[in-house]
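Okay, so here's the structure we're looking at.
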Amino acid sequence: MSSRRGFLRNVLAGAGVMASSKMLSAQEVQISGDMPGMNMKMKAKKETVHAHDSSVLAETPDIPNLPFRMDGDVKEFHLIAEPVKQEIVPGRTVDLWGYNGSAPGPTIQVTQGDRVRVIVDNHLPEPTSMHWHGFEVPVEMDGAPGSSQDPIAPGGRFVYEFTLHQEGTYFYHSHMAMQEMMGMIGAFVMHPKNGYKPRVDKDFVIILQEYAILPNITVPNSMNMEFNWLTFNGKAGPATTPLILRHGERVRIRLINLGMDHHPIHLHGHQFVVTGTEGGRQPESTWGPGNTVLVGVAQSRDIEFVANNPGDWMLHCHLPHHMMNQMSSMVGPMSRRNGMPAGLDMERGMGMLRQGSATSEENGLSLGRGMGVGSTAEQTVTNSPLKAENPMQHQGMQMGKPDVSKDANSVPGFPQDAFMEGPMMAMDRMVDKPENFGLRPGWSGFMAGMMTFVRVLPPDKYDQIMELRKKQEGKKPMKMDMPGMEHEHE
Ligand SMILES: [Cu+2]
């Protein structure tokens, strides 16, 4: 079994890229004022990047791009389905299944018309199959287990090969339903042969996922119907990486959803237009303004806007429970009653009524909220007073005082957000990174779940962050920002 590192080395060697060579980020390409294919020398020659292509390479914050090598005219990628450790927020590393060490898996980027080969190795303990979601390819390449191919056995391999005539935001995923809920998806961006008009300056990919993970274990319960970890590219707020924009730039954000819920993704401070779906580019006549786009399960939505309003703007799922971390019914002290059933059996876990009404004693507040296997009965939690004088201490978090009124504990419904967010939860330093530079102190206490920032910055602040980022990237052994491409002067 070849190690991932070894594999990457081989791929890089195959692509003529030395491990030490400096890769360009999408930003840097953009700063140079040209398209990626023009200012870089590529092994791929002109078949892979078209002279009239004004597309910028898409960036998937917190997720690498998948490198490729050219085999004649074929772009060859290599994906390894395997268990991965994923740090969702500082201090919370969970056991997911993904590809090449990451969940979601690395982003694949090709150009419309490319001949593509993807070697898929299965390093999972059970069979898997790779589906190319929305691809118009011959049925034997569709990855439907049992019907179009045998599942890929543990230790096995399947080689997919197809020519792609489409353009747009696509994705790959395991076609084993429960594996999907373990993280097994990745983005597959097909850039158009001739660039979209109007062209964008920045192009981002965000994959929406959700997991049900009990507070005391690291493995998601893929059978659960409720979720307490909601992620953008495998990270929950405040660990998500903000999208950095220079004031005035036009931006595309490609949103991809694979989970059990639909997510209304909302942007502050700007109106956008939906320019594409999981079926590719939409005609411009359909582009109406909005600021919230519902990304349904198995769908993708491309949104575009001009970042003309300076500021640090939230981009988030607007389902209230998807703006929280680690939420389980143990967290909200909502009842004084003993023995609320939670996760006792599947019927109740899924919210099916056996007796009584949804709010009866038998069912009560935990109905359909059980975090599942392992929890026999919910711990009793009382309405214990929140002490403003004596804030609780936890890990490396900044412990501000919970801001509650003197009579808070006599108010029905208290506490609600006093527990879930606020200065008590701030961890600015623990999630420190160039993209967070200059945010308002304490910001991280209010970022959770499917949340990140779109930072529309004046030129000097923008340059400062890009400079910090360049420095940080220089420290990393290698950065896979540009598949198969290398810096001109190295
Ligand atoms: Cu949501």
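The values are calculated or read from the model by the stated rules, or taken from the named source; none is laboratory data. Predicted, not measured: the structure shown is a model, and the values here were computed from it. Heads up, the Cβs are rebuilt from the backbone with ideal geometry, glycines too, and the neighbour counts pull from every protein chain shown.
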Next item on the list: Please indicate, with yes or no, whether at least one residue in the stretch 473-482 is modelled with pLDDT of 60 or more, surrounded by fewer than 11 Cβ atoms within 10 Å (Cβ to Cβ) and not in a loop (DSSP other than H, G, I, E, B).
Entry: yes
Note to self: Could you list, ordered by first residue, the pairs with Cβ atoms under 6 Å in which the first is in the stretch 297-326 and closer than 16 Å to Val273 by Cβ and hydroxyl-bearing (Ser, Thr, Tyr) and the second is modelled with pLDDT under 95 and assigned to a helix (DSSP H, G or I), at least 6 apart or interchain?
What the structure shows: none
Next item on the list: Out of the residues in the stretch 185-238 that are aromatic (Phe, Trp, Tyr) and more than 16 Å from the ligand (Cβ to nearest atom), state the one that is farthest from Ile108 (Cα to Cα).
Entry: Tyr196
Notebook entry, point to check: Can you name every residue in the stretch 230-249 that is in a strand (DSSP E or B) and more than 19 Å from Leu294 (Cα to Cα)?
Noted result: Lys235, Gly237, Leu243, Ile244, Leu245, Arg246
Notebook entry, point to check: With Ala81, Ala58 as the choices, which residue is modelled with pLDDT of 95 or more, touching a His at 6+ places or on another chain (Cβ under 7 Å) and surrounded by 19 or more Cβ atoms within 10 Å (Cβ to Cβ)?
Noted result: Ala81
Next item on the list: Please give the number of the condition Ile217 fails out of (1) in a loop (DSSP other than H, G, I, E, B); (2) modelled with pLDDT of 95 or more; (3) of a type in the set (A, V, I, L, M).
Entry: (2)
Notebook entry, point to check: In the stretch 102-158, what count of residues is obtained for those that are within 23 Å of the chain's Cα centre (by Cα) and either in a helix (DSSP H, G or I) or of a type in the set (Asp, Glu) (or both)?
Noted result: 1
Next item on the list: Could you please find all residues in the stretch 60-85 being on the phi < 0 side of the Ramachandran plot, in contact with a Ser or Thr (Cβ under 7 Å, 6 or more places away or on another chain) and either outside any loop (DSSP other than H, G, I, E, B) or of a type in the set (D, E, K, R) (or both)?
Entry: Asn65, Lys75, Ala81, Val84, Lys85
Checklist line | Residues of the stretch 404-431 that turn out to be at pLDDT below 75 and in contact with a helix residue (DSSP H, G or I) (Cβ under 6 Å, 6 or more places away or on another chain), as a count | finding: 4
Note to self: Can you tell me which of (1) closer than 20 Å to Met425 by Cβ; (2) aliphatic (A, V, I, L, M); (3) over 13 Å from the mean Cα position of the chain (by Cα) is the one Ala236 doesn't meet?
What the structure shows: (3)
Next item on the list: Could you please tell me which pairs satisfy a Cβ distance under 9 Å, a separation of 6+ or placement on different chains, a first residue in the stretch 258-272 that is closer than 18 Å to His175 by Cα, and a second residue that is in a loop (DSSP other than H, G, I, E, B) and near the ligand (Cβ under 8 Å from one of its atoms)?
Entry: Asp261/Leu319
Checklist line | One residue from Pro215, Pro198, Pro220, Pro238 being surrounded by fewer than 20 Cβ atoms within 10 Å (Cβ to Cβ), touching a residue at least 24 places away in the same chain (Cβ under 8 Å) and touching a strand residue (DSSP E or B) at 6+ places or on another chain (Cβ under 8 Å) | finding: Pro198
